[in-house]
Every structure is written in C-alpha cells, then in structure tokens.
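Asks: Would you mind keeping the following structure in view while I ask a few things?
The values are calculated or read from the model by the stated rules, or taken from the named source; none is laboratory data. Fair warning: this is a prediction, and the values are worked out from it, not measured in the lab. Please note: Cβ atoms are built from the backbone with ideal geometry, for glycine as well, and neighbour counts cover all protein chains shown.
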Amino acid sequence: MSTLFARFTEAKKILLLLLILAALLVMFFIPTFLSKYSVYLLTVILFTALLATSLNISLGYGGMLPLHQAVFFGVGAYAAALLLNKSPLPPWLSFLAAPLVAAGVALVIGTVCVRLRGLYFGMMTLAMGQLVWAIVYRWYEFTGGDDGIHGIAVPQVLRSIPAAYYTALIVFSVCLLIIYIILNSPFGIALQAVRDNHQRCESIGINIRHHQLIAFVLAGFFSGVAGVLFVILERSVSPSLLFWTKSAELLIMVLLGGMFTFLGPTFGAAVIIVLGVFLGVITEYWLLVLGTVLVLLILFLPQGVLGFVKEKISSSAPERKGVDKYAQG
Amino acid sequence: MLKVKKLVKSFDGFLAVNGAELTVEKGQIVAVIGPNGAGKTTLFNLITGHLVPSEGTIEFKERDIKALSPHKICHMGISRSFQLINIFPKLTVFENVQVSILSRKRKILNMFSPTNKMLVEETYRILEKVGLDDKAQLLSTSLSYGDQKILEMAIALGNEPELLLLDEPTAGMSPEETASTIKLVKELARSEGLTILFTEHDLDVVFGIAEKIMVMQQGKTIAQGLPADIRANKLVQAAYLGEEF
Ligand SMILES: Nc1ncnc2c1ncn2[C@@H]1O[C@H](COP(=O)(O)OP(=O)(O)OP(=O)(O)O)[C@@H](O)[C@H]1O
Ligand SMILES: [Mg+2]
C-alpha cells in the first residue's frame with residue numbers, strides 16, 4: 001500500500017513537471033502568434049502573479065495579514081525608476097538594487113508590525129504603507145509627486161513588448177522556483193508551523209517574530225522584483241501603484257486562487273486581470289465587482305479555487321504528502 | 001535540576017499561583033497534583049516562559065530562567081506538552097515532529113534544502129517510539145483525540161529535552177489509552193534518561209509512576225515529598241477529602 005502510494009505521488013510529480021514544462025514552452029512561443037495587446041496583458045499577469053505569490057509568503061504561509069503589500073511593489077518600481085533616471089549605476093545594477101530597497105522598507109515596516117498580532121498587524125501595515133504612499137505623493141522634487149515619473153531610461157533592448165514579456169517570463173519563473181524552494185525548506189516548514197500555532201512554536205524553540213520578519217522581508221523583496229518588471233513594461237510610475245486599493249485587489253486575487261496552495265495566487269491574479277479587461281476598468285464599477293467576488297468567495301469558496309480543487313483531489317484518501325519512509329539518501 | 005521558590009503569579013490581582021515550591025532532581029519523575037484551578041497549568045506556563053512571574057525565582061541547571069522567552073528556555077533543555085491539544089493543524093504528523101527536531105538542531109533558517117529529505121530517520125525513530133509511525137503522512141488533525149495527545153508528546157520529544165513537562169498527558173483518554181500512555185511515559189523516562197514533571201488528575205496513575213509528588217491548592221504548595229509521605233499527609237488528605245489514597 002505504501003509503496004503503491006509512493007509510486008502514485010512520483011507519477012503525479014512527473015506529470016506536474018511535464019505540465020509546467022509544456023506551459024513554459026507554449027508561453028515561450030506566444031509572441032509569435034498572439035496580438036501585441038495579448039502579450040502586453042500576459043506580461044501584466046506575470047508580474048502581478050509574482051506580486052500575489054510574494055504576498056502569499058506572508059499571508060498563506062506565514063499567517064500574517066499584510067493589508068498593504070502593494071507598497072513594496074511601488075517602492076520597487078520607484079526605486080528602479082529613480083536609479084535608472086538619476087543614478088550613475090548601470091541599468092542591470094539598478095534592477096538588482098530596486099528589490100533590495102523594497103526589502104529595506106519591508107524590514108522597517110516589518111520590525112514594527114511583527115510585534116502585533118492579527119488585525120492589529122494588518123492595520124499597522126496599512127497605516128505605515130499609506131505613510132509611504134503619502135511621501136511619494138507629496139515629495140515633488142524627488143518622486144514627481146502625483147505626476148509620477150515618465151520616460152524612464154529603460155535600456156533600449158528591453159523597450160518592446162516582447163522583450164518586456166520575455167523578461168517577465170524568465171524572472172517570474174525563476175522567482176517562483178526560488179519561492180517554492182524556500183517554502184519547502186526547513187525555513188518554510190517552520191514558517192508554516194508559526195502560522196499554525198504561535199504558542200507551540202515558541203515552546204519548540206522557534207523565535208516567531210524573528211521568523212515572521214524574515215518572511216515579511218522576503219515577501220517585500222519579491223514584490224519589489226515585480227515592481228521592476230512593471231517599470232520595464234510601462235516605463236512610467238505613479239503613486240497609484242502603492243495606493244491601498246491596489247493591495248486590496250492583491251488580497252482578493254490570493255483569496256480567489258487559494259492561499260494555502262502555491263499556485264493559487266498566480267491563478268487568482270490571472271482571473272482578476274482578465275476579468276478587469278473584459279469589464280473595462282471603470283473605477284467605481286471595478287470596486288463593486290471586486291467586492292462581489294469577495295462576498296461570493298467567502299460564502300461559497302472560502303479555501304479558494306485551487307484550494308477547492310486540491311480538496312476534491314485528495315478527498316478520496318486522507319490527506320498525505322509525498323514523504324516516503326526512509327527516503328533519505 | 002529545577003528549583004522553584006516562592007513563586008507568585010497574579011492576574012490583575014487574582015493570585016493563580018501564590019507560593020509554589022518545587023525541586024526536581026535529574027532523572028526523577030515528579031507529579032504536580034491539585035484540584036481544578038489549583039494553578040498547575042499556570043505553574044507550567046511560568047516555568048516554560050509563557051508567563052512572567054510576579055514574584056519568586058525559577059532556576060534551571062543553576063541558571064535563573066525567570067525573564068527568558070519560551071524559545072530560549074526550550075533551547076536550554078526544557079520542552080513541554082499541553083493540556084489542551086496544541087499541534088500544527090495544517091502539517092502532517094511527520095512534519096509536526098520534524099519541525100521540532102529542525103528547531104533543536106538550529107536548522108530552521110536553512111532556506112535551500114528540501115525538507116522532505118531531512119532528518120527522516122530521526123523523525124521516524126520518535127514516531128516509532130510513540131507508535132505513530134504508520135500514521136506519519138496523515139494530516140495531524142485527522143488523528144483521533146488520543147493520538148493527537150500522543151503527538152503532543154512526540155513534538156516535545158523532538159526537542160530532546162533534559163526536562164520534559166507533561167500537562168495532563170492522559171486527559172480525556174479512555175482507560176486503555178491512559179494505561180498505554182503511562183507505560184510509554186515510564187519507558188521514555190528510562191530509555192531516554194529523561195527527567196519528567198507532569199500533572200495528572202487520576203491519582204492511581206500518579207501513585208503508579210511518580211517518584212515524588214508536589215500538591216497544590218489555590219496556588220499554594222501544601223506538600224512536597226515521596227508518595228508515601230504524601231499519602232500520609234493530613235493537609236493533603238483534607239484537600240482531597242473523600243478520595244481514596
Ligand atoms: N490568563 C489568565 N488570566 C486570568 N486568570 C487565569 C489565567 N490563567 C489561569 N487563570 C486562573 O488561574 C487559576 C489556575 O488555573 P490553572 O489553569 O493554572 O489551574 P489548573 O491547576 O491547571 O487546573 P486544571 O486542573 O483544571 O487544569 C484558575 O482559577 C484560572 O481561572
Ligand atoms: Mg491545568
């Protein structure tokens with residue numbers, strides 16, 4: 001029975017791997033047969049999916065409630081824009097440094113917030129995030145204020161939609177792989193343990209604040225990477241990138257896809273963006289739509305779409321994970 | 001090994017622990033008994049750092065641990081199980097124990113090794129010892145109540161503690177489960193060379209395995225000593241009026 005089961009999970013793993021490779025292959029050739037607008041849209045989906053996945057490091061895996069993840073996206077984007085336009089750094093260094101700036105801001109906000117729990121944590125991230133937004137919005141000389149920054153000096157080779165798309169595809173794939181590895185490392189398992197039970201974690205010797213802070217900073221870093229991808233595609237930034245409604249949208253994406261699944265946020269991001277395009281993003285209506293999605297989710301699919309699918313797949317047998325006895329080698 | 005002196009814990013003026021005294025020597029099995037609300041769990045929470053004492057001292061291996069946080073106390077060698085089930089509900093049985101071993105080995109900041117290949121033998125060694133090895137890959141919350149209580153203990157064992165605190169390890173168990181759990185505790189104490197401090201309401205169990213007993217009433221230690229002395233103690237008899245000793 002147990003060997004049979006092990007073989008089953010092995011087969012499932014290989015199947016999944018093949019599926020991912022096939023998807024990547026299709027994604028690779030997409031610019032040759034889809035319209036420019038579709039490729040543009042896919043690029044948006046890719047960096048938004050990365051952003052939502054990074055939010056889920058804190059939310060689904062870390063048990064924190066970051067109500068304002070978009071701040072790190074915005075900071076990453078602004079940092080890239082400012083470094084490209086105003087610093088003597090070569091572009092590739094600017095691209096690397098921008099996520100680090102986002103991680104730095106996450107370190108500051110996180111240090112304050114991990115002292116708090118639950119909703120208090122959430123309110124504090126929201127308050128501090130809006131503070132960052134206000135600074136960006138008001139500081140005309142440095143950030144361009146509410147005008148934002150336009151005509152960002154993105155290197156010539158990246159200034160086309162296919163180039164931005166391929167960059168996003170590669171960066172998205174690499175980042176998701178790294179995040180996957182981290183979440184399945186001892187650090188990741190301990191993070192999920194922290195999510196599950198603070199008290200118990202403390203008594204088995206885990207410093208929960210420390211652990212959550214590291215996860216929060218990692219999430220900030222990857223959100224910053226998404227911000228860089230945004231800059232490469234759009235070559236302009238505005239304060240709306242780090243307004244709180246952006247964060248609310250991200251939360252809904254994660255909830256829709258399923259926050260206890262790795263690919264849920266990616267799925268949620270794709271659905272919400274496509275939905276937005278079809279409905280035409282008229283602001284008031286858009287918030288109404290998002291609100292409706294949220295209500296329906298809470299009522300009918302509290303575990304999200306992929307969470308629901310996962311539940312269906314594993315409902316025949318009690319939930320198992322693929323660790324075979326004495327698989328060490 | 002553990003010395004608790006004149007310990008007091010006040011919750012907004014209510015003295016849940018009010019003059020607790022306790023000495024535990026290396027290798028001993030010690031029981032803390034007392035009626036409901038006597039302050040046993042609060043005493044445990046004070047020892048493991050989940051609560052900060054209002055007054056008094058707690059020494060472990062000659063060191064004052066009163067102001068330390070729980071994770072530091074754990075790394076000094078004290079681990080515990082909880083009265084109410086306190087496990088990691090979204091992790092498997094295997095991972096529940098594995099994470100505690102990872103923490104002891106200070107590997108939880110490792111971000112790049114796949115966990116499912118780590119410490120497999122060690123984790124199974126503990127699971128086999130407590131008899132949960134065939135349920136290793138189940139989600140922890142799918143276990144029966146009794147098995148979850150055992151998992152409680154297995155998580156604590158993952159820390160390889162020198163001093164193991166068990167808060168009512170058999171609470172809510174059937175008589176058969178209670179018997180096998182007690183047997184397990186006894187075996188563990190012998191095979192692992194553990195020092196064990198436990199609370200328990202079933203006096204037969206207590207007198208069956210404890211080498212020393214401390215009795216609490218309304219937060220206060222009213223007696224401490226060998227089982228035979230406790231049995232003969234007038235104060236204890238008064239506190240447990242009507243129960244058979
Ligand atoms: N956090 C708290 N705040 C206020 N009062 C508390 C708190 N924790 C415990 N108490 C009170 O302190 C007293 C001692 O509780 P404790 O849980 O330590 O008793 P116990 O001996 O473990 O009882 P039981 O045998 O029922 O487990 C109880 O009256 C309880 O209501
Ligand atoms: Mg108790």
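Asks: So the check is Cβ under 8 Å with 6+ separation or different chains; which pairs have a first residue in the range A:206-220 that's part of a helix (DSSP H, G or I) and a second one that's of a type in the set (Asp, Glu)?
Replies: So the pair list comes out as A:Ile208/A:Glu202.
Asks: Out of curiosity, is A:Ala193 under 13 Å from the mean Cα position of the chain (by Cα), within 14 Å of chain B (Cβ to nearest Cβ) and not charged (D, E, K, R)?
Replies: Considered against the rule, which asks whether it is under 13 Å from the mean Cα position of the chain (by Cα), within 14 Å of chain B (Cβ to nearest Cβ) and not charged (D, E, K, R), A:Ala193 comes out as no.
Asks: Another question, then. What is the number of the single condition among (1) among the hydrophobic types (A, V, I, L, M, F, W, C); (2) assigned to a helix (DSSP H, G or I); (3) more than 25 Å from A:Val271 (Cβ to Cβ) that A:Ile30 does not meet?
Replies: If we test A:Ile30 against (1) among the hydrophobic types (A, V, I, L, M, F, W, C); (2) assigned to a helix (DSSP H, G or I); (3) more than 25 Å from A:Val271 (Cβ to Cβ), just (3) comes out false.
Asks: Quick check on this structure: which one of B:Leu7, B:Leu15 is within 13 Å of ligand 1 (Cβ to nearest atom), touching a residue at least 12 places away in the same chain (Cβ under 8 Å) and within 16 Å of B:Ile58 (Cβ to Cβ)?
Replies: B:Leu7 is the lone residue from the list that is within 13 Å of ligand 1 (Cβ to nearest atom), touching a residue at least 12 places away in the same chain (Cβ under 8 Å) and within 16 Å of B:Ile58 (Cβ to Cβ).
Asks: Of the residues that make up the range B:88-97, is at least one of a type in the set (Lys, Arg) and facing chain A (nearest Cβ under 10 Å)?
Replies: yes
Asks: Can you name every residue in the range B:15-40 that is within 11 Å of ligand 2 (Cβ to nearest atom) and among the small types (Gly, Ala, Ser)?
Replies: If the condition is that a residue be within 11 Å of ligand 2 (Cβ to nearest atom) and among the small types (Gly, Ala, Ser), then B:Ala16, B:Gly34, B:Gly37, B:Ala38, B:Gly39 are the ones that fit.
Asks: Moving on. Residue under question is B:Phe60, and the condition is that it be within 16 Å of ligand 2 (Cβ to nearest atom), in contact (Cβ under 8 Å) with a residue 12 or more places away in the chain and in contact with a helix residue (DSSP H, G or I) (Cβ under 7 Å, 6 or more places away or on another chain); does it hold?
Replies: no
Asks: For residues that are in a loop (DSSP other than H, G, I, E, B) and away from ligand 1 (no atom under 13 Å from the Cβ), scanning just the range B:186-208, find the one that is nearest to B:Ile29 (Cα to Cα).
Replies: Within the range B:186-208, the match that is nearest to B:Ile29 (Cα to Cα) is B:Leu194.
Asks: Then there is this: So, in the range A:232-246, how many residues would count as being closer than 22 Å to A:Val108 by Cβ and crowded, with 24+ Cβ neighbours inside 10 Å?
Replies: Going through the range A:232-246 one residue at a time, the tally reaches 2.
Asks: Still on this model: Would you mind listing the helices (runs of 4 or more DSSP H) fully within the range A:112-183 where at least 2 residues are modelled with pLDDT of 95 or more and away from every other protein chain (no Cβ under 14 Å)?
Replies: Counting at least 2 such residues, we get A:118-138, A:161-183.
Asks: Determine if the range B:124-131 includes at least one residue that is of a type outside the set (Lys, Arg), touching a Pro at 6+ places or on another chain (Cβ under 6 Å) and in contact (Cβ under 8 Å) with a residue 12 or more places away in the chain.
Replies: no
Asks: Of all residues in the range B:108-129, which are under 24 Å from the mean Cα position of the chain (by Cα) and among the basic types (Lys, Arg)?
Replies: Scanning the range B:108-129 gives B:Arg125, B:Lys129.
Asks: Go through (1) surrounded by fewer than 24 Cβ atoms within 10 Å (Cβ to Cβ); (2) at the interface with chain A (Cβ under 7 Å from one of its Cβ atoms) one by one and return the number of the condition B:Leu119 breaks.
Replies: B:Leu119 satisfies all of (1) surrounded by fewer than 24 Cβ atoms within 10 Å (Cβ to Cβ); (2) at the interface with chain A (Cβ under 7 Å from one of its Cβ atoms) except (2).
Asks: Is it fair to say B:Ile78 is closer than 26 Å to B:Leu132 by Cβ, more than 14 Å from chain A (Cβ to nearest Cβ), in contact with a helix residue (DSSP H, G or I) (Cβ under 9 Å, 6 or more places away or on another chain) and more than 16 Å from ligand 2 (Cβ to nearest atom)?
Replies: Taking the combined requirement at face value, the residue does not satisfy it.
Asks: Please determine, by comparing only the residues of the range B:130-166 that are within 15 Å of the chain's Cα centre (by Cα) and part of a loop (DSSP other than H, G, I, E, B), which one is farthest from the other protein chains (Cβ to nearest Cβ).
Replies: Selected residue: B:Glu162.
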